[in-house]
1. Can you give me the Rg/Rh ratio for region 520-633, using Cα atoms for both radii and the Kirkwood formula for Rh?
2. Where Lys and Arg each count +1 and Asp and Glu each count -1, what net charge lies around ALA282 among other residues with Cβ under 13 Å from its Cβ?
3. Please determine, in degrees from 0 to 90 and to the nearest 10, the orientation of helix 718-731 with respect to the longest principal axis defined by the Cα atoms of the chain, where the helix direction is its Cα long axis.
4. List nothing, just return the count: lysine pairs in region 577-732, 8 or more apart or interchain, with Cα separation under 26 Å.
5. Rg/Rh for region 205-256: what does it come to with C-alpha atoms and Rh from Kirkwood?
6. Note the per residue figure in Å³ for the convex hull of the C-alpha positions in region 445-512.
7. Full-extension gain between THR39 and GLU265, please, as 0.36 nm times their residue separation minus the C-alpha to C-alpha distance.
8. Tell me the trypsin sites (Lys or Arg not before Pro) within region 255-295 that lie in a loop according to DSSP and have at most 15 other beta-carbon atoms within 10 Å.
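The values are calculated or read from the model by the stated rules, or taken from the named source; none is laboratory data. A quick note: this is a predicted structure, and the numbers were derived from the prediction, not measured. In this analysis, Cβ positions are derived from the backbone assuming ideal geometry, glycine residues included, and neighbour counts consider all displayed protein chains. To get the accessible areas, we keep the full protein, side chains included, count just its heavy atoms, and leave off ligands, DNA and RNA. Shrake-Rupley method; radii C 1.70, N 1.55, O 1.52, S 1.80 Å.
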Amino acid sequence: MGDKANAHPGAAGRAATADHPASVRNVVLVGHSGSGKTTLVEALALTAGAVNRAGRVEDGGTVSDYDEIEHRQQRSVQLSLVPVEWDGYKINILDTPGYADFVGELRAGLRAADAALFVVSAADGVDGSTRMVWEECAAVGMPRAIVITHLEAARADFEEMTRICAETFGGDDPDAVLPLYLPLRGEPGPDGHAPVTGLIGLLTQRLFDYSSGERKESEPGPGQLPLIEEARNRLIEGIIAESEDETLMDRYLGGEEIDVKTLIEDLERAVARGSFHPVLAAAPAAEGGRQGLGTVELLELITRGFPTPLEHECPAVTTPDGKSRPDVTCDPDGPLVAEVVKTASDPYVGRVSLVRIFSGTLRPDETVHVSGHGLADRGHEDHDVDERIGALSAPFGKQQRTISQAIAGDLACVAKLGRAETGDTLSARDNPLLMEPWDMPDPLLPIAIQAHSKPDEDKLSQGLARLVAEDPTMRLEQNQDTHQVVLWCLGEAHADVALERLRGRYGVQVDVVPHKVSLRETFASKSAGRGRHVKQSGGHGQYAICEIEIEPLPGGSGIEFVDKVVGGAVPRQFIPSVEKGVRAQAAKGVAAGYPLIDVRVTLLDGKAHSVDSSDAAFQTAGALALREAAADARIHLLEPVAEVQVLVGDDYVGPVMSDLSGRRGRVVGTEQTPGGRTLVRAEVPEIEIGRYAVDLRSLSHGTARFSRRYARHEPMPPQIADKVREKTGAAA
């Protein structure tokens, strides 16, 4: 960060290792899809020497079988780890997907990192989802820097993009978001576009030429220094404003020349505190070159400006049963506390867990305690078990390089944790602990699936269980009302990847079928019915007659059965049989095949035979009576209504409310929230919001979020109910 000359890269071909938390840096790359994160990771690894023989870092990560999906979709769909060595430091670079469907992978990366590098394309700018992640990082004080990519684009303008970043990310203090270097352009080509060939350091006023593919330092020309004077002065003032030395500003304003070394030290402290956010530029290396533009400067920023794990507060811990425990610190000799931030399957070694060690030291072949959060509501199996871990390794491209241990502050891949899931805590067997969970978005897009064939049906449940174990943003539902298997996902791309993993990794072919909502039926008015079940043809006869009256009840009442038989017209022992028959028929429905609810069924009269009456006969009579009452009554179809809350930027409030109204929604209130956003509360029929996760993202350009919660069932409009009945009849 201090415009140093070339540092010493780690040796290519061996796994980066760390022997003390102070020598580790964990940085997560954040940015929208297409911003150039993965290309930047490759450029940083190439500069640091973590490359294969072809001179290119392969797709980092814990699992190689995902790569086929990523190559096919031409985008990252998973969190990947690329560890590199630079100037004696181990840097764990966490590359995250930029597409909103894979925000769970992003949040895992944020959990595992101590600082964030926001990647912004000079051609595309800053999107709304990146802005929201920045605000999340700001809320927890995570140190952040910005790197601008795609400077080669014809419309790229570094100065304009730094201004946009200052406005977008700086909030009330745009002078806390300033560039450390300015790009220099070479001679224009035939198309008139001048490529960026180097950088000039604003503090040291040194020139760094990358045109040859290797960083070369020199003195700037006499005409270049005046070009950076304004930007340099603003940077110095911005650094001094964040300095802990309160005399520095007075000295500077008094005309004193502040020593560059002092400025750099103050800058590094402000970056580590998260109060200053430098802007840098980067581009891949020239053909055949080893160092991409700005990569050395980025590696210096990461190693000298970003905090060590020692400076990062560890998440709170409890015992597995919820009892409080003292806070843990980043101490290799402390109690073992590690967290699974990614779970995946490798075709050769089985399940592989990417683990961040927060305290203690993790060693191969030791037995650890695995504590989970019991996400039974998402289809996860409860677990609180001891497991012996396998080998420890660090990814090197698609390969795994064995390591002897992983200390507090580091990241490592752990083999053969058969029960561990993403979000689980690893701790000592004799001192089991549980870390507080990180925030995961709720999956709100339902995908109903069924096995393609009988062999697939046999493998489906196991494949789905493994799928949700790896991805806590996915929820598995076995709907008892509709008898459907439903995968709740974050979006269509998330669902596509899940289905492809089922097919490719677990060999399960599935078909996607229309998702059904849980409709109900009820009586709109009073009605009466007579159930007559009389059979006297040979052998033991059947005889049961009952008369019932039906009346609607308020929502949420269920089914109430009342006995008003007098004179023993229906013998005492058969009254429960009538109720059983009524309830069985109610569960099957009386009009369109949906369960009947919110009615009172009153048994008024009936007849029995001393020999031919039986439990079965009165069950049948009860069912017949209910069906006859329904045939003479108006039956309402009831649909589930959800309470929906949409958090949306003020610019999109109108379109969102209009869209909700178009979905038969009722807006029940709005509330202003910080950051120029509005919380819109509405009640919307669930049948209208099956694809709302996709539609809202499109409507708000990815800047809105919503939650939903079942409220109640209420009558469906007649014209829509008629269409449902027509479909039900056609299906029958």
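1. Value, to two decimals: 0.99.
2. -2
3. Approximately 80 degrees, to the nearest ten.
4. 5
5. So for region 205-256, dividing Rg by the Kirkwood Rh gives 1.14.
6. 78
7. Gain on stretching THR39 to GLU265: 78.4 nm.
8. none
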